[in-house]
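Novice: Take a look at this one; I'll ask things after.
Throughout, read-outs are computed from the coordinates displayed, never taken from laboratory work. In this text the structure is predicted, and so the values were computed from the model without any measurement. Neighbour counts run over all protein chains shown; Cβ positions are idealised from the backbone, glycine included.
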Amino acid sequence: MGRQKQQQSLFSYRINLEHRVRGNHPLRRVAEVVDFSFVREEVAESYGANGHESVDPEIILKMMFLLFFEDVASERELMRILPERLDYLWFLGYQLEDEIPDHSVLSKARRRWGKEVFESLFVRTVAQCVEAGLVGGSKLHVDSSLIEANASRDSVLKGPPQLINALKAAYQATESKLTETKTPGSYEAVNDTMMSRTDPDATLVSKGGAGSRPRYHHHRGVDDAHGVITAVETTTGSIAENKKLLEVIKQHEANTGQKVQTAVADHKYGTIENYVACQQRGITTHLGDAASRQNNARCKDIFPDTSFGYDAPSDTYRCPAGQTLRPRRLHPTRRTKEYLAGKAVCAACALRSQCTRASYGRTVKRHEQQEHLDRARVQAHSPAARRDRRRRQHLAEASFADAANNHHFKRARWRRLWRQQIQDYLIAAVQNVRILLSHRRPKSRCAAAVAMAEGYLRQKLSAPTLPGALLRPVSEFGKLPLTN
């Protein structure tokens, strides 16, 4: 009977981390798939020829990858647990005697490198998935999610717009009141009078009736084949999700080299602008219809616009009662033309109660690209579109759920927009690597065990006295009736 020696050795000469990390360790497979050495060339201009020698950029990038791949709580925690994790040391190329750098190395590298290096890592994972045949490219699911900024509600400062604009200029905050915001330019939005002193780039956004707080908006494109994330866009919280549909589509096409043929999204993306823009690009629109939801609640028991026949030569509409609606004006922003029969005509109409509740009569609006709009809405209400939107719940929404549960997605680790973009690129790259690894696995142990069991039964249970049911494959055992 042996006894373990408790005295530590003064010197250790025969420790080999290559033998201490099991052969099927996930980090071994990551090291085989992902080439982190590209970072040295990309950040070469950020370093000089004289002075203190920095930590290897490849190791720094691996550390940031580990931070989200393993969902480590913080950079300080990562540096604390590194000496006791042999698999981490092996992955980073460290030996037991090597000195672990300070956590500030990571923050300094992010500031020096910028977000472009991490975007390059994400694009490279997309390219690897394309090369592995995991990206179809033709059908794209688009969705967005709000991310809690690393700032509390108590850090929000309220004041007049002039003061807030001056503070944002002093903080060099990202401009949030753009054409992509949810509010028109003439409207004084909440974020014109409020700003977080902790993270001035984050804007106040309400969610789920829990009140408004500083948040960011993450926009994501997910390929239909295997759920590979092919496009990532991060904005301030006040940027509407439907304004980023085309940017996500363009990024998907640039990263995959394939043209989108079908776009899938929920009703928030089903705006007139997105419908027309997709049709002009030849993209089938399987987007939910935002207007139909509004009209169903507001115009119940009222004739829809489709009940009015349009005559192109005369540019007029004919209502269900046979009256003519003539063009009145063109809305400069919405690019729609209004058609009206007149107050007196509608007041004397017998079908008024079924046509309108307005005192001035029924108005019909026609977009300048109405043909594209009609075609898009037909596609949006098709059975194929409804099937794709149901599948979107298992791809786009599941992609967000996986990121939130396993990779610290729902709250920002750092502050300012460019750092949040780095976080989103790293999380998307980690998820793509996991998808890539899951499709490179050898034959599962379960399948091998089933095959071995079937062979065993065929050899050992082939006696003529045994029931014939036992000679069936193991995969059919669940179909056999239970007997005594």
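Novice: Below 10 angstrom from the Cβ of P200, what's the summed charge of the other residues (Lys, Arg +1; Asp, Glu -1)?
Specialist: Working: positive: K168, R197, R415, R416; negative: D199, D201.
Value of the local net charge: +2.
Novice: Let me ask something else. I'd like the distance separating the alpha-carbon centroids of the stretch 358-384 and the stretch 230-299, in whole Å.
Specialist: Value for the Cα centre distance between the two parts: 17 Å.
Novice: Same structure, new question: Using r as the Cβ-Cβ distance of W418 and Y360, and R0 as 60 Å, what FRET efficiency do you calculate, to the nearest 0.05?
Specialist: Numbers: r = 51 Å, r/R0 = 0.85.
The value I calculate is 0.75.
Novice: Let me ask something else about it. Quick check: pseudo-label points 7 Å beyond the Cα along Cα→Cβ at I100 and L163, how many nm apart are they?
Specialist: Once both label points are built, they end up 4.6 nm from each other.
Novice: Can I ask one more? Mind checking which of P332, F303, T363 is farthest towards the positive end of the stretch 297-369's charge dipole, using Cβ charges of +1 (Lys, Arg) and -1 (Asp, Glu) about the Cα centre?
Specialist: Positive-most Cα among the choices belongs to P332.
Novice: When R220, R40, R366 are ordered from fewest to most other Cβ atoms inside 10 Å of their Cβ, what list results?
Specialist: R40, R366, R220
Novice: Moving on. How high is the relative contact order of the stretch 297-369? Use alpha-carbon pairs under 8 Å, at least six apart in sequence, and give a whole percent. Don't jump to the answer; show the numbers that get you there.
Specialist: Working: 104 pairs, mean separation 19.3, N = 73.
So the answer I get is 26 percent.
Novice: Please arrange V142, V190 by counting, for each residue, the other beta carbons lying within 10 Å of its beta carbon, fewest first.
Specialist: Numbers: V142 30, V190 14.
Ascending Cβ contact count within 10 Å gives the list V190, V142.
Novice: Measure off 7 Å from each Cα along the Cα-to-Cβ vector at H25 and H394, then give the distance between these two points in nanometres to one decimal.
Specialist: Distance between label points: 3.6 nm.
Novice: Would you kindly state how much longer the chain becomes between E41 and T316 on full extension, computed as 0.36 nm times their sequence separation minus their alpha carbon distance, in nm to one decimal?
Specialist: 92.6 nm
Novice: Can you sort R110, R318, R215 so the residue with the fewest Cβ neighbours within 10 Å comes first?
Specialist: R318, R110, R215
Novice: Let me ask you something else. Within the stretch 92-112, what residues put their amide N at less than 17 Å from the label point 7 Å along the Cα-to-Cβ vector of Q172?
Specialist: Within reach of a label on Q172, which here means backbone N under 17 Å from a point 7 Å along Cα→Cβ, the stretch 92-112 contributes 108-112.
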